[in-house]
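The values are calculated or read from the model by the stated rules, or taken from the named source; none is laboratory data. All figures in this text were calculated on a predicted structure; none of them were measured in a lab. Reconstructed Cβ throughout: ideal geometry from the backbone, glycine too, with neighbour counts over all protein chains shown.
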Amino acid sequence: MGDPIHIIGAGLAGCEAAWQIARRGYACVLHEMRPVRSTAAHQTDRLAELVCSNSLKSEAESTAPWLLKEELRRLGSLLLEAAARTRVPGGQALTVDREAFASEVTAAIAREPLIEVRREEVTAIPPEPIVIVATGPLTSDALAQDIARLTGSERLYFYDAISPIVDADSVDTAVAFWASRYGKSVDGTGDYLNCPLDRDRYERFVDALLDAQPVTAHIEADRTPFFEACLPIEELARRGRDTLRFGPMKPVGLSDPRTGGRPYAVVQLRQENLRARSFNLVGFQNHMKFGDQARVLRTIPGLETAEFLRFGQIHRNTYINAPVLLSATLQLREAPRVFFAGQISGVEGYVEAISTGLMAGMHAAALAAGVAPRGLPRQTALGSLCHYIAGADPANYQPANITFDLLPALDEAARLRLKHDKKARHAEVCRLALEALEEYRHAYV
């Protein structure tokens, strides 16, 4: 059978990876440093412990989180089975009893003879032929140093400053205008969508910002002092009412076509290369509660009815610059025996961590069998998540959770046919994704 596959980290991604390897008949060693060494986030020594929430997001059919979970179910996810058995009432969300969920996964892993659990801290990537790194956002300092050695220290991040993302269709383009500062753009039409504010709207925005409530710190890592290079916008506002106008909201080099003059302040929206139907609010990382974020950001002209696909965050998070380092099969390009999965690969969310663990486990087992790993179809949520991880802009890489803007757009005929029915468009994207998944399953799984 050869050497066992080694998995570092027995969180959501690591446990799912181990299960997928074992169900394909290969032995693996699952390393978990707790309880030998604990973290600021965990409270028990159980595997797959959920640390901040007990929700695995929406189960409403034809939503992006539902699609990702449905794909996992069809591929035999251990953790989705455990979630179903430990589910508690939570409206349309898949909500679990955290203690029962962790106990269920721990027991299943313990019963599997092909999985050996070692309770020890791993301080360096093992020399064994195949390794999966699934150490999560709180990777130990010693192992982080070894990962930095292997990947290059400039490609390993320890602090996450995430700006909000809005659905492109929810931005009022009668107010927002396309332009680049001083007319400099790639194609001559402007690289940014700009939301202009006059003095009154700016002052109202700052008042709302200063009145917003911060996110309650769940773990010690959330109380890490902010870096000057990625200060939250509310902290900038506290330093002076005009600070934002000389920072992320500076209006220099821009002219509002409605007035012919320079705005008092401006919020720039950037269309990401792999998020064609959404925009990132440039420099708008913040530490506000999500409800307050929505309220405050909707005071910006052009964003009054904005639909937020992701809210801003700032927190401690260890992750690699995956587009530079990883292929779509989650392998290091320069060392394909090493896979990355979970939050350290650059995904946000419990289900996204499970997803990358499942795929890393599948691909590692294929490699152990002497078969070239095959990535999942781009049409699927799983495949699109990996497409983002491996193909996003490295200069602006931020961890992602699953949203429809990561999946391929419908063809022109379908878009026209379903132009006025958003739910039907999403349902069609899901239908195509699951159809592609079934073809992949029959061919390769």
task = Specify the residue that is farthest from the chain's Cα centre (by Cα); the eligible residues are those in segment 315-325 that are more than 12 Å from residue 135 (Cα to Cα) and crowded, with 24+ Cβ neighbours inside 10 Å.
result = 325
inquiry  = Can you tell me which condition residue 424 does not meet? The list is (1) surrounded by fewer than 22 Cβ atoms within 10 Å (Cβ to Cβ); (2) aliphatic (A, V, I, L, M); (3) modelled with pLDDT of 95 or more; (4) outside any helix (DSSP H, G or I), and all the others hold.
reply    = (4)
query = Does segment 392-412 hold any residues that are outside any loop (DSSP other than H, G, I, E, B) and either on the phi > 0 side of the Ramachandran plot or in contact with a helix residue (DSSP H, G or I) (Cβ under 6 Å, 6 or more places away or on another chain) (or both), and which are they?
reply = 394, 400, 404, 406
task = Pairs only if they're at least six apart or on different chains, beta carbon under 6 angstrom, first in segment 290-319 and more than 15 Å from residue 280 (Cα to Cα), second among the aromatic types (Phe, Trp, Tyr); list them, first residue then second.
result = 290/311; 299/205; 318/158; 319/157
note = segment 52-140: strands (runs of 3 or more DSSP E) wholly inside it with 1 or more residues that are exposed (fewer than 15 other Cβ atoms within 10 Å of the Cβ) and either touching a His at 6+ places or on another chain (Cβ under 7 Å) or in contact (Cβ under 8 Å) with a residue 60 or more places away in the chain (or both) are 115-119
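Does any residue of segment 352-370 turn out to be among the charged types (D, E, K, R), at pLDDT 95 or above, buried (at least 24 other Cβ atoms within 10 Å of the Cβ) and under 30 Å from residue 26 (Cα atoms)?
We begin by selecting, within segment 352-370, every residue among the charged types (D, E, K, R); these are 352.
Narrowing further to those that are at pLDDT 95 or above: 352.
Pick out the ones that are also buried (at least 24 other Cβ atoms within 10 Å of the Cβ) and you get 352.
This time we only want the ones that are under 30 Å from residue 26 (Cα atoms), so: 352.
Among the residues of segment 352-370, at least one is among the charged types (D, E, K, R), at pLDDT 95 or above, buried (at least 24 other Cβ atoms within 10 Å of the Cβ) and under 30 Å from residue 26 (Cα atoms), which makes the answer yes.
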query = closer than 30 Å to residue 14 by Cβ, part of a helix (DSSP H, G or I) and either modelled with pLDDT under 85 or not polar (S, T, N, Q) (or both), is that true of residue 222?
reply = yes
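Would you check if residue 434 is closer than 19 Å to residue 60 by Cβ, of a type outside the set (Lys, Arg) and in the same structural domain as residue 30 (by TED's automatic domain parsing)? Walk me through it before giving the result.
Working: closer than 19 Å to residue 60 by Cβ: yes; of a type outside the set (Lys, Arg): yes; in the same structural domain as residue 30 (by TED's automatic domain parsing): yes.
Spelling it out, residue 434 is indeed closer than 19 Å to residue 60 by Cβ, of a type outside the set (Lys, Arg) and in the same structural domain as residue 30 (by TED's automatic domain parsing).
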remark   = Of the listed residues (390, 436, 409), the one being at pLDDT below 95 and small (Gly, Ala, Ser) is 409
key: Top-ranked residue in segment 427-445 [being under 21 Å from residue 404 (Cα atoms) and of a type in the set (A, V, I, L, M); ranked as surrounded by the fewest Cβ atoms within 10 Å (Cβ to Cβ)]   = 427
Where residue 356 falls short, out of the listed (1) among the β-branched types (Val, Ile, Thr); (2) touching a residue at least 12 places away in the same chain (Cβ under 8 Å); (3) assigned to a loop (DSSP other than H, G, I, E, B) = (3)
